[in-house]
Structures are given as C-alpha cells and as structure tokens.
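Beneath this line is the structure, given in structure tokens, with notes to follow.
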Amino acid sequence: PPRPAGMGDVPEPCPQAPLAVLSKVELRVSCKHLLDRDTLNKSDPCVLLLMQTQGQWMEVDRSEVIKSNLNPVFAKIFTVDYYFEEVQKLRFEVYDSHGQAGVGTHDDDFLGGMECTVGQIVAQKRVTKPLFLKYGKFAGKSTITIISEEISGNNGYVELAFRAKKLDDKDLFSKSDPFLEIYRIDDDRSEQLVYRTEVVKNNLSPIWEPFKVSLNSLCSCEEKRKLRCVVWDYDSRGKHDFIGEFFTTFEEMQKAMGENKVQWDCMNPKYKIKKRNYKNSGVVVLLDLKIHRVYSFLDYIMGGCQIHFTVAIDFTASNGDPRNSCSLHYINPYQPNEYLKALVAVGEICQDYDSDKKFSALGFGARIPPKYEVSHDFAINFNPDNDECEGIQGVVESYQSCLPKIQLYGPTNVAPIISKVARVAADEERTKEASQYFILLILTDGVVTDMADTREAIVRASYLPMSIIIVGVGNADFTDMQILDGDDGVLRSPKGEPVLRDIVQFVPFREFKNVSGAA
C-alpha cells in the first residue's frame, strides 16, 4: 500500500517484490455522543463487528458492555486478517445492552451502525464516521472512531499480575470498588487503552486477575514507551471516581520477573497540590510478569526445526462396515479409499520436513483387541510403546492390517488425541530448544461428539509448537469442523478463552479429491 504523505521519500519498491498477502490488524473502537435509550440512566453500549462474506453480513466478534456511558472507549481489541488484494467490507453496530438478556437486536436498542473497508482503516490509521440508524437517518451527533495497527512480526505477549494496597476510599457507606486501566502513550501524545481489569468490589487492597496482552498492544514493542496507569472507583452510573495514576514503561515493569516485585505510588495530582503532607492515594504493585515470545512457523523451519507428524484416523461406525464397498474404509484392491488418499496428500508434504521419516499413527472410536474396549487413542500398529511407522507407506500398511482386527464403534471423541500430541509438544516446549514442531492430521467423517472438550484442548494446544489439520472425508455435515477452524470468528474454549494462535485448518476432502496433486 502507498505510504501516506509526510513520511519522507520512500524509495519505490522493486516491481518483482511480492505483495504481502496477509497481515493481521488490530482495531480499537470508541464512540462519542451516543443516543440515550434508557429513561433512568444512560445507555449501556456494546459494539458488534460484522464482516461481509459472499454478500452476507456475519458477526465476527463483539466488545464488552460498558455501563452507563455515552462516550465509551472499548477495551476489546478486534483482530482482523488484512488481504491487500481484496475489498473487505466491515460493519460496526452499536447496541444498548440489557443485563443478562445480552445484546438485543431490536430497533429500539440499536444506537447506530457504520460501514467501511479494512483497507480504508489501514490506509488512514484512524477513521471517525457518523453512526446511522435505519434508512440512512443520522443517529443524532453520534460518531464512531476506529484506530488500526498492524501486528508486527514480534508477536510475543506478556502476562501481568497487579494488586493495590491502601487505596483512597471514595465511597460513603462502603469501600471503593477499584479497577485499573493501562494506556499506551503514542508518539502523537494520544493515549490508547491497552487493558481494563475487572472491578474488585468493596476493597481498598484489591488483587486483580492476571491477564495477557501482546507486546505490540502494550508498548508497540518498544520497552521505553511511556505507559499511563489509572486506578478508578467503579460507579454503576458510569461516573467512575478517579483514585490516582502513575506512569511507567515496560522496561521498568520487567524488574518484576522472578521473585521481585515493582511498586508505584498511585498519585492524585489535585491532592498533591492541595495537601501539604500528601504521600499517595495508595500503592500499586506488579506481583509478577512473564514474557512469552511466540515464533512463526518460518522461524522454526529456518532454525533447523524438525516436524513430527502424527496421523489420527476415525474408526467410528458411521464410516460403514469396511467389508462393504459403500464404506469410507473399504479396502479396494484397485484404488485407495478416501482416507488413504487424504493421508498420502498431506503426508507427502510433511515428510520433506521430517528427517527420520517416521510417523506416529493413531486410531480413535473403535473397539480394539484383546478385550475389545473402546479406545480414543490407540496405535494402529498395536505397539503401545512405539506408535511410529516407517514413512507414509508404513502408515498405509499398518492401516490396512489393523482394519480387520478392530470393530468400528464410537463416539467420535477427538480431544484425547489432541491432548496426547499436546503432552509431547509440551515436553518439547520445556526443553526451550525449538527443535521440533508437531503436526496432527485428523481424518474424520464428520460430527465430533466431544465438542466442548475438543475446543478446550485446542485452546490449550494453541500455546504449544503444534498445528492441527482436520480433513473431512465423505459427504457428511462438517459444521463442527468449520467452527473448530475458527476462520468465521475466533475459536474459544467453553469458558470463553480465545485461542492464542489459529492452529486448526479444516479441509473437506470432497472439494479436493478430483483436482491435481499440486492443488
């Protein structure tokens, strides 16, 4: 994309340079002068982000709800993939939320919407537009502002744990209800909200829940960038009382690694001027700081990392009896079945990165000898001590010889195998060597029975050096798989925790089985 004016003369890129196909962009949202829909107190706004795919608007994500506030600055950071060569239409919709009922989509809760493209936001860095109601009517003087930042390659993240002590009491009949906000101060002196903690009720020495933020978001990956931290006393009517503030940098925060703690005086500048012997309005302590550096796939490969390849095959009864020619597991002497075709297609790519050419091969959903109990993670060579086969051909042979010995059964539980590979990946992670990356290929004919456990297992695995490829075999309904893929929105665990990285790729084999090998 062309550089904006005023950035000095940038040499023209050489015509051969390929376009960066994809980067991720973080969007921060704030609104001004929202309509007041509530009779007694102010609106409780929430923003929905929708993206247009094939002419349909799909919700991608939504912000938190901010109580009683017509000028909200949302803490939620939306992440979208940016494709330079596509027009990606976005729509932001602001609603007045009603407690437990969640975000209503009734006309009377709609505070206004705005449409633009990812390209516009990226090119302008900051877009402010009016909000419109239905039929192109202005929503009063309401505006919405979107600020964008590209996520740079250094996508490490940091985990922070704060507490405070002896904060000023702002409430008459009870103690303050403190929460902490962290702002990053940008080069143009504007402030970006990085994180807002939860509210700890009725407590002058609160311990806030630890949280994770990307280094990019916290300090634009610059350790000396100034950060402003503010402690407020929460007020349900949106009129939060200022308790105090302090300034710091990520560089200073890093002193809290290991057993050390860092603390700051929480200052109220007005009191400092008025009161002669004013010391502070409390102390904020950083109890713990952990830095996690997340490397890209290419970082691993270029550093000589080996790929360990595991294949997991679905042996549930829904595949059909292997002796029947309609079965997806039918062994046809003249041509491989879909399971074998998919296995060979993916395995041949992965084996280039694996020097010992040994592949772990597991099965799930079958009753296995000797006792014919259902197993969700058995070695298809029936050697529990070593589930590895020699090359793709070894996997094919083990598969063919195991089929007559097992009884196809169920249910389709995928989480045990994900967790099994994740345990090995976690052991590798502890060595800090970055010498192995793990790819799990799951071949399945459709619906997953343990969806909640599988989502949880994927979120856990997203912190490890592993990726999951799911190939859907046959003509079943693959809706579950699309959800796990996370391309229509961020995959979350049942408790709502998002994946750290998008590690799942789903492919329905029927769309590829008749195309060329290269595809």
Handout entry: Matching residues in region 226-268 - criterion: being open to solvent by less than 60 Å² (accessible area, probe 1.4 Å) and either over 32 Å from the mean Cα position of the chain (by Cα) or at positive phi (or both)
Key = Gly238, Phe242, Ile243, Gly244, Gly258, Cys266, Met267, Asn268
Problem - Test set (1) open to solvent by 40 Å² or more (accessible area, probe 1.4 Å); (2) modelled with pLDDT under 90 - Asp480 fails condition number - result: (1)
Problem - Residue satisfying all of: in region 127-145; assigned to a strand (DSSP E or B) and among the hydrophobic types (A, V, I, L, M, F, W, C); nearest to Leu35 (Cα to Cα) among these - result: Ala139
Handout entry: Sole residue being assigned by the TED database to the domain that holds Asn319, in a helix (DSSP H, G or I) and not β-branched (Val, Ile, Thr), chosen from Glu433, Glu428
Key = Glu428
Handout entry: Residues satisfying the stated conditions in region 355-401, i.e. touching a Pro at 6+ places or on another chain (Cβ under 7 Å) and acidic (Asp, Glu)
Key = Asp377
Handout entry: Boolean, Asp477 is within 28 Å of Gly320 (Cβ to Cβ), in contact with a helix residue (DSSP H, G or I) (Cβ under 6 Å, 6 or more places away or on another chain), in the same structural domain as Pro336 (by the TED database) and of a type outside the set (Val, Ile, Thr)
Key = no
Exercise for the section: Kindly indicate whether Tyr95 is open to solvent by less than 80 Å² (accessible area, probe 1.4 Å) and either at pLDDT 95 or above or over 21 Å from the mean Cα position of the chain (by Cα) (or both). Expected result: yes
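For (1) farther than 13 Å from Ala415 by Cα; (2) without any contact (Cβ under 8 Å) to a residue 40 or more places away in the chain, each residue gets a yes or a no:
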site	(1), (2)
Glu428	yes, yes
Glu433	yes, yes
Tyr437	yes, no
Thr449	no, yes
Glu456	no, no
Handout entry: Breaking point among (1) over 26 Å from the mean Cα position of the chain (by Cα); (2) open to solvent by 60 Å² or more (accessible area, probe 1.4 Å), for Glu223
Key = (1)
Problem - Qualifying residues in region 319-333 (those that are more than 17 Å from Ser401 (Cα to Cα) and out of contact with any helix residue (DSSP H, G or I) (no Cβ under 9 Å at 6 or more places or on another chain)) - the one surrounded by the most Cβ atoms within 10 Å (Cβ to Cβ) - result: Gly320
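Looking at the structure I just gave you, is Ile469 in contact (Cβ under 8 Å) with a residue 24 or more places away in the chain and in a strand (DSSP E or B)?
Yes: the conditions hold for Ile469.
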Exercise for the section: Among the residues of region 399-425, count how many are open to solvent by less than 20 Å² (accessible area, probe 1.4 Å), of a type in the set (Gly, Ala, Ser) and without any contact (Cβ under 8 Å) to a residue 60 or more places away in the chain. Expected result: 3
Handout entry: Filtered residue count, region 483-519, keeping only those that are farther than 13 Å from Val459 by Cα, among the β-branched types (Val, Ile, Thr) and at pLDDT 85 or above
Key = 1
Exercise for the section: May I ask you to list pairs of residues, at least six apart or on different chains, whose Cβ atoms are under 6 Å apart, with the first in region 231-256 being touching a residue at least 24 places away in the same chain (Cβ under 8 Å) and hydrophobic (A, V, I, L, M, F, W, C) and the second being part of a loop (DSSP other than H, G, I, E, B) and surrounded by 15 or more Cβ atoms within 10 Å (Cβ to Cβ)? Expected result: Val231/Cys266; Trp232/His240; Ile243/Leu167; Ile243/Asp168; Ile243/Ser281; Phe246/Cys266
Problem - Residues being part of a loop (DSSP other than H, G, I, E, B) and not hydrophobic (A, V, I, L, M, F, W, C) - total across region 181-208 - result: 12
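The values are calculated or read from the model by the stated rules, or taken from the named source; none is laboratory data. Since we're looking at a predicted model, the values are computed, not measured. All Cβ positions, even for glycine, are placed from backbone atoms using ideal geometry, and neighbour counts span all protein chains on display. Accessible surface areas use protein heavy atoms only, side chains included; no ligands, DNA or RNA. Shrake-Rupley method; radii C 1.70, N 1.55, O 1.52, S 1.80 Å.
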